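The values are calculated or read from the model by the stated rules, or taken from the named source; none is laboratory data. Keep in mind the model is a prediction, meaning the values are calculated, not measured. No Cβ is skipped: glycine too gets one built from the backbone with ideal geometry, and neighbour counts run over all protein chains shown. We work out accessible area using only protein heavy atoms, side chains counted, and drop any ligands, DNA or RNA first. Shrake-Rupley method; radii C 1.70, N 1.55, O 1.52, S 1.80 Å.
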Amino acid sequence: MNNRQFYHPKFLPTWLLIGLMKLGAKLPFKVQIMIGKIMGLALYPLLNRFRKIAFINISHCFPNKNKSEVEMLVRQNFESLGISVFETANAYFASDEKVNAMLNIHNEHYLTKAINNGQSVILLSAHFMPLMLGSRALLLKHHIANIYRPQNNALFDEVMRQGFVNNGATMIKTKDTKAMLKAIKNKLPIWYAPDQDLGLEKCIFAPFFGIQTATVSATARLAKGDNTTVIPYFFTRSESGYNMSFEAPIKNYPGANASESARITNQILEDQILKHPEQYLWIHKRFKTRPEGERDFY
């Protein structure tokens with residue numbers, strides 16, 4: 001944070017946001033939830049573009065829901081979006097003691113056993129709203145590598161990167177495949193969320209909620225290394241804190257081919273999303289890339 005460019009007046013709003021996030025991270029969990037929901041509902045009528053994207057995504061993924069039910073889930077999703085502001089603040093600025101006190105951990109032995117057995121580990125995750133806090137929670141006991149997309153705002157990107165590095169993470173950019181492979185080779189667990197539409201060059205089509213969806217194929221390629229295991233890891237919000245859940249390593253993965261591997265990962269993510277659909281990142285254009293001849297969703 002000694003970079004002089006960050007003290008340019010154009011970064012004043014970002015510094016103000018950082019200050020508010022530091023203060024927000026000190027609030028009790030239930031207060032964060034209450035204020036976050038209010039913020040989310042306030043954003044609901046203002047973020048028209050994102051509201052429409054969420055409505056389209058949810059309508060396609062839950063075709064049995066009527067319009068009122070879809071709108072209700074979109075509203076709940078915006079409440080979760082507001083709460084995620086505090087979850088991101090907690091990820092960067094909360095103490096280890098506070099983060100640990102909010103956790104309810106399930107089946108962590110799957111991860112510790114793989115590490116103790118000298119295996120390379122890929123933690124397969126999904127873009128739930130508490131995503132960043134889920135990464136921070138891992139760092140309480142484990143040294144992991146975060147695969148992340150650099151932020152457009154240089155100051156906020158540095159705060160994010162430094163926040164995780166200070167808590168023991170190795171940060172790897174999404175396009176740095178060489179660094180990912182090196183981490184896997186060195187037995188450094190990788191936290192990886194592949195449920196984003198990155199276009200045809202990096203994706204193949206596989207079913208996701210019954211829809212042919214551009215699915216990142218890198219997960220299977222990374223998992224081809226010797227003695228590498230993929231462990232599903234999900235971090236979701238509860239009424240009293242957060243559920244930090246690990247699942248058994250995926251068997252027979254990668255699959256027989258890239259399409260089968262993509263189908264397997266999408267099914268695992270879909271099963272988790274169905275448990276907490278209001279917390280998923282529906283405001284992302286998940287179905288932006290369509291098979292040839294199909295109309296644009298958005």
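Observations, loosely collected:
- All other residues whose Cβ lies under 14 angstrom from that of residue 296 are scored, Lys and Arg at +1 and Asp and Glu at -1, for a net of +3.
- Cα gyration tensor category, rounded, prolate or oblate, for segment 15-59 with a/c compared to 1.5: prolate
- Rounded if a/c under 1.5, otherwise prolate or oblate - segment 44-194, Cα gyration tensor axes: prolate
- Sulfur and carbon atoms: percent of accessible area, the chain [1.4 Å]: 54 percent
- For segment 137-202, the pair-distance distribution built from all alpha carbon pairs, in bins 5 Å wide starting at 0, is 3, 16, 25, 24, 20, 9, 3, 0 percent.
- Rolling a 1.4 Å probe over the protein chains gives residue 143 an accessible area of about 100 Å².
- Taking all protein chains together and rolling a 1.4 Å probe, residue 271 ends up with roughly 70 Å² accessible.
- Gaussian network model of the chain, Cα within-10 Å springs - most flexible of 249, 63, 150: 63
- When the charge dipole of segment 220-298 is built from unit charges on Cβ atoms (+1 for Lys and Arg, -1 for Asp and Glu) and taken about the Cα centre, the candidate among 255, 241, 297 whose Cα reaches farthest toward its positive end is 297.
- Residue order by solvent-accessible surface for 121, 165 is 165, 121, largest first, with ligands and nucleic acids left out and a 1.4 Å probe.
- Residue with peak Gaussian network fluctuation, the chain [Cα springs, cutoff 10 Å], from 35, 122, 144: 35
- Those aspartates and glutamates that a straight Cα-Cα span of less than 13 Å connects to residue 98, excepting residues fewer than 8 apart in one chain: 87
- Rg(Cα)/(2.2 N^0.38 Å) for segment 153-262, N = residue count: 1.21
- Here, segment 1-124 has an Rg and a Dmax of 19.4, 54 Å when only alpha carbons are counted.
- Residues in segment 76-96 that a label on residue 42 would reach, taking backbone N under 15 Å of a point 7 Å out along Cα→Cβ: 79-86
- Model label sites at residue 162 and residue 285, defined 7 Å from Cα along the beta-carbon direction, differ in position by 3.4 nm.
- Applying 0.36 nm per residue to the separation of residue 71 and residue 12 and subtracting their alpha-carbon distance, the gain on full extension is 17.6 nm.
- Stretch gain in nm, segment residue 62-residue 270, where the contour uses 0.36 nm per residue and the Cα spacing is subtracted: 73.7 nm
- Extension gain for residue 294 to residue 141 (0.36 nm times residue separation, less C-alpha to C-alpha distance): 50.5 nm.
- The chain: most fluctuating residue of 15, 191, 282 per GNM, C-alpha cutoff 10 Å: 15
- The residues of the chain have, on average, 50 Å² of accessible surface per residue, using a 1.4 Å probe with all protein chains present.
- When the C-alpha to C-alpha distance is required to be over 31 Å, the pairs from 22/67; 26/185; 10/175; 37/187; 10/37 that qualify are 22/67; 26/185; 37/187.
- Kirkwood-based shape ratio for segment 233-278, expressed as Rg/Rh from alpha carbons: 1.08
- When you restrict to C-alpha pairs under 8 Å that are six or more residues apart and normalise by the size of the chain, the relative contact order lands at 23 percent.
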